[in-house]
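Undergrad: Take this structure, written in structure tokens, and hold onto it; I'll ask about it next.
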Amino acid sequence: MSRKSDEELKPRNGHTLEVRAVCRISGCPRQKEMSLEDQEQNAREFVIDAYSHRYEFECLSTIGKGECLERPELAKIEEMYRSNLVDLVIYDELSRLVRGQHAVTLLGIGVDHGVRSICLADGIDTIEATWEEDALNACSENVAHNQRTSHRVKTRMMNRFKRHGFTPLRLIPGYEAPEGALSFNDWVKTAGAEEWVYAGRDLLFEARDYSLVGDYFNKLGVPVGPCCKKSDVWTGTLVKAFYTHPLLVGQARRGTKTNVKLHQSGKRVPRTNPKGPNFYPVPHLAYFDEAEGSELKAVIKEITAANKGGGDRNAARIGVPRKRTLFPGQFARCGYCGRLMLWGGNGRGDNLMCGGARNWNCWNSFSFSGGLATRLVVDHVVHELEGLAGFDEQFRELTAAAGTKALPELERQRRQLAADERQLAAERANVDEVIRTLGMRGPVLAACEKLEQLEKSLLSQRRAIAKLTKRPLALPSSITELRRLFHEEFAQVAQDSPEFNPFLQKIVADFHVYLVRLCDHPAVYPRARITLAFDGLAPDLRHVEPVRSFLRQEITLDLFEAPERARIMPEAVRLQQEIGHKPKAIAGLLAQQTPWRPSDTAVQRALKLHKRMIEQNLTSPFVVVTAPPDDYPRMRRHKNARYRFEPVAGYRPPPLV
């Protein structure tokens, strides 16, 4: 259109015509800024041809998407229209203002304030009576052109992907593309990437923590890839995105997201494509086969479900950290209900308390210091590991007898696996019979899903056994080497850092916290039942049953400082039995022979405690609390009407001593 009104231009101040030109380009990669200069030049030429008197010319040049209504220059243009200072605004075409009907609104504001607007290419002049109709038609044509072009380009690119695997060069870690590559068929796997890809997968299976895998990749110096703009180091989010990418199992993907326009702002945002992505097979790029990919997908699904906290959140989080935390966070469990001990017990950030007590599902509301527990565990680990030095010869004999193949243990695992598979086959036959009789109903569907998960688990076990038979076991030759493995890794992490948690969990297999009390007072104290598993220092040791049993120990650890009468009781009783002194004399002797300086009253209480212990036929002044104490006023949670003791399903408390 080239139609414009013949009515001459008139300045509102009577002497100078105030002219403004609005120029815009989208800023696409192939678009040149010279287009802005061309638009400005067209506007200047129009003013020279249409007006022969004095005028002031200013140009507003911007770079931004035409559909976006949040561009700051739109506010400037509206302010310019409302200022009553401008006579004429020139656009090369209406889409340079806004690619949509909002442009008509801005032109209308100009008309209301006596500002004439002219769109050169569209033939729009707001001094004409038909300007609004012309503007709406131009907006309709602009929107339609934009939609048709977008659809044509997207369809062409998707068809090229489906037929030939064509793709933009958006490399992910573990892959390379030669210069000029246009298709996934041209991509290759990075040399040496198999090692860190498989090691990261194994670490993810073991730790169930994306952040730990990210730290491992950062330590190795693995690049995050040229297309990662948010971070130049590995994070938990990047690790999850990497291991969920279908390219790892030989499937290229396109069309996962689709752009949706937000009409209030005019912006387009990515949304999940409801039709789902399209795939193109590229088996030469696969790191995992179909079975390994299914196993990896199942593990990631379990981690995601646990992080979302489905069902009983505390039960779901056992052994599956949502975030990096200090030991024994996300690891220690209540010895009564089996739930995790959570940080922030009783309002103290460095204490842990049973998560069930917070929800009125457990009566154990007592808390303990996490820092003290860590120090005590480390001291006992070092002490017990040093104590194994006297059994070095026995350890050598056990490892020498096992050789490099864990044949007896593998045979036991095969027999157990075969028995589980037979049971699975029988249960599947029963479910098939029910389906034939009743059809696919809710309980039947649940049973089918359970059997499917069990089948995947058994398949994973079979692959693990097969891998183990193909390589020699890496076993430490002596206790000295085992201690060296511990001290090397121990020296690399700080005890008050999140990295220390997974390291200690290799050695501490179980950590159950319960309560004890002195036999002469209702106050309670926390005690831990801990299983030390030194075979965790060398993972292959767990496949050799004699060595595994030899390196596992059950210990009881008091997570508190005992009251004075309990500490001095053994020495006070010994002095009384050997010398027969009275409490005051015993207190003086204890001050000389021990680091304690007890009063004679403390000695009297210690002797009284011993007497009470003898009366009750006890070998220790401490007794295990097995039920909610009714005589201790600080523990009254079980008295609340909301209290319902509900242990974790299937939880079996360890023997408490």
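The values are calculated or read from the model by the stated rules, or taken from the named source; none is laboratory data. Predicted model, so just to flag it, every value in this text is computed and none were measured. Neighbour counts run over all protein chains shown; Cβ positions are idealised from the backbone, glycine included. All accessible areas refer to the heavy atoms of the entire protein, side chains included, with ligands and DNA or RNA removed. Shrake-Rupley method; radii C 1.70, N 1.55, O 1.52, S 1.80 Å.
Undergrad: Here's a check for you: in segment 299-330, which residue that is in a helix (DSSP H, G or I), in contact with a helix residue (DSSP H, G or I) (Cβ under 8 Å, 6 or more places away or on another chain) and at pLDDT below 85 is surrounded by the fewest Cβ atoms within 10 Å (Cβ to Cβ)? Break it down into steps so the answer makes sense when it comes.
TA: Step one: filter segment 299-330 for residues in a helix (DSSP H, G or I), giving 299-308, 313-316.
When the remaining residues are screened for being in contact with a helix residue (DSSP H, G or I) (Cβ under 8 Å, 6 or more places away or on another chain), the result is 299-300, 303, 305-306, 313-314, 316.
Those left that are additionally at pLDDT below 85: 303, 305-306, 313-314, 316.
Details: I303: 18, A305: 13, A306: 20, R313: 16, N314: 24, A316: 19.
That would be A305.
Undergrad: Now for a separate question. Examine segment 190-207 for a residue that is open to solvent by less than 30 Å² (accessible area, probe 1.4 Å), more than 27 Å from P281 (Cβ to Cβ) and either touching a residue at least 40 places away in the same chain (Cβ under 8 Å) or in contact with a Cys (Cβ under 6 Å, 6 or more places away or on another chain) (or both), and state whether such a residue exists.
TA: Yes; the residues of segment 190-207 include at least one that is open to solvent by less than 30 Å² (accessible area, probe 1.4 Å), more than 27 Å from P281 (Cβ to Cβ) and either touching a residue at least 40 places away in the same chain (Cβ under 8 Å) or in contact with a Cys (Cβ under 6 Å, 6 or more places away or on another chain) (or both).
Undergrad: Look through segment 67-97, keep the residues that are assigned to a loop (DSSP other than H, G, I, E, B) and open to solvent by 50 Å² or more (accessible area, probe 1.4 Å), and return whichever of them is nearest to S35 (Cα to Cα).
TA: The selected residue is E93.
Undergrad: How many residues does segment 465-483 contain that are at pLDDT below 80, open to solvent by 60 Å² or more (accessible area, probe 1.4 Å) and part of a helix (DSSP H, G or I)?
TA: 1
Undergrad: S231 - would you say it is surrounded by 14 or more Cβ atoms within 10 Å (Cβ to Cβ), out of contact with any strand residue (DSSP E or B) (no Cβ under 6 Å at 6 or more places or on another chain), polar (S, T, N, Q) and within 26 Å of I303 (Cβ to Cβ)? Full working, then the answer.
TA: Working: surrounded by 14 or more Cβ atoms within 10 Å (Cβ to Cβ): no; out of contact with any strand residue (DSSP E or B) (no Cβ under 6 Å at 6 or more places or on another chain): yes; polar (S, T, N, Q): yes; within 26 Å of I303 (Cβ to Cβ): yes.
Judged against the criteria, S231 is not a match.
Undergrad: Step by step: first the residues of segment 549-598, then only those that are without any contact (Cβ under 8 Å) to a residue 24 or more places away in the chain and among the basic types (K, R), then the one that is nearest to I614 (Cα to Cα). Which residue is that?
TA: That would be R574.
Undergrad: Can we say G387 is part of a helix (DSSP H, G or I) and touching an Asp or Glu at 6+ places or on another chain (Cβ under 7 Å)?
TA: Criteria not met by G387.
Undergrad: Could I ask something else about it? If you take the residues of segment 215-250 that are at pLDDT below 90 and of a type in the set (G, A, S), which of them is nearest to R201 (Cα to Cα)?
TA: Taking the candidates together, the pick is G236.
Undergrad: Scan segment 576-606 for residues that are in a helix (DSSP H, G or I), surrounded by 18 or more Cβ atoms within 10 Å (Cβ to Cβ) and of a type outside the set (K, R) and report the count.
TA: The total comes to 9.
Undergrad: Picking from G371, G442, G390, which residue would you name as being closer than 30 Å to H638 by Cβ and either open to solvent by less than 90 Å² (accessible area, probe 1.4 Å) or at pLDDT below 80 (or both)?
TA: Answer to the selection: G371.
Undergrad: If you don't mind, there's one more thing I want to ask. L169 is checked against (1) surrounded by 12 or more Cβ atoms within 10 Å (Cβ to Cβ); (2) assigned to a helix (DSSP H, G or I) and fails just one. What number does that condition carry?
TA: L169 satisfies all of (1) surrounded by 12 or more Cβ atoms within 10 Å (Cβ to Cβ); (2) assigned to a helix (DSSP H, G or I) except (2).
Undergrad: Mind listing whichever residues of segment 98-115 are open to solvent by 30 Å² or more (accessible area, probe 1.4 Å) and either touching a Lys or Arg at 6+ places or on another chain (Cβ under 9 Å) or closer than 21 Å to S61 by Cβ (or both)?
TA: Once the filter is applied, which keeps residues that are open to solvent by 30 Å² or more (accessible area, probe 1.4 Å) and either touching a Lys or Arg at 6+ places or on another chain (Cβ under 9 Å) or closer than 21 Å to S61 by Cβ (or both), segment 98-115 yields R99, H102, D112, H113, G114.
Undergrad: Could you check R527 against (1) within 46 Å of the chain's Cα centre (by Cα); (2) assigned to a helix (DSSP H, G or I) and say which number it fails?
TA: (2)
Undergrad: Whether any residue in segment 633-652 is surrounded by 18 or more Cβ atoms within 10 Å (Cβ to Cβ), part of a helix (DSSP H, G or I) and more than 36 Å from the chain's Cα centre (by Cα) is what I want to check.
TA: no
Undergrad: Among the residues of segment 336-370, which ones are within 24 Å of the chain's Cα centre (by Cα) and aliphatic (A, V, I, L, M)?
TA: The answer is L340, M341, L342, L352, M353.
Undergrad: If we scan segment 280-288, do we find a residue that is part of a helix (DSSP H, G or I), β-branched (V, I, T), open to solvent by less than 30 Å² (accessible area, probe 1.4 Å) and on the phi < 0 side of the Ramachandran plot?
TA: No, segment 280-288 contains no residue that is part of a helix (DSSP H, G or I), β-branched (V, I, T), open to solvent by less than 30 Å² (accessible area, probe 1.4 Å) and on the phi < 0 side of the Ramachandran plot.
Undergrad: Which ones in segment 116-148 are of a type in the set (D, E, K, R) and open to solvent by 70 Å² or more (accessible area, probe 1.4 Å)?
TA: Here is the first cut: in segment 116-148, the residues of a type in the set (D, E, K, R) are 116, 122, 125, 128, 132-134, 141, 148.
Matches in segment 116-148: E132, E133, E141, R148.
Undergrad: Still on this structure: Taking the residues in segment 594-622 that are in contact with a Lys or Arg (Cβ under 6 Å, 6 or more places away or on another chain) and not small (G, A, S) as candidates, determine which candidate is nearest to P570 (Cα to Cα).
TA: Only one residue fits best here, namely L609.
Undergrad: All but one of (1) touching a residue at least 60 places away in the same chain (Cβ under 8 Å); (2) more than 23 Å from N159 (Cβ to Cβ); (3) of a type outside the set (V, I, T) hold for Y280, so report the exception by its number.
TA: Result: Y280 passes all but (2).
Undergrad: Please go through segment 234-270 and pick out each residue that is open to solvent by less than 40 Å² (accessible area, probe 1.4 Å), part of a helix (DSSP H, G or I) and of a type in the set (G, A, S).
TA: Residue satisfying the conditions is G236 alone.
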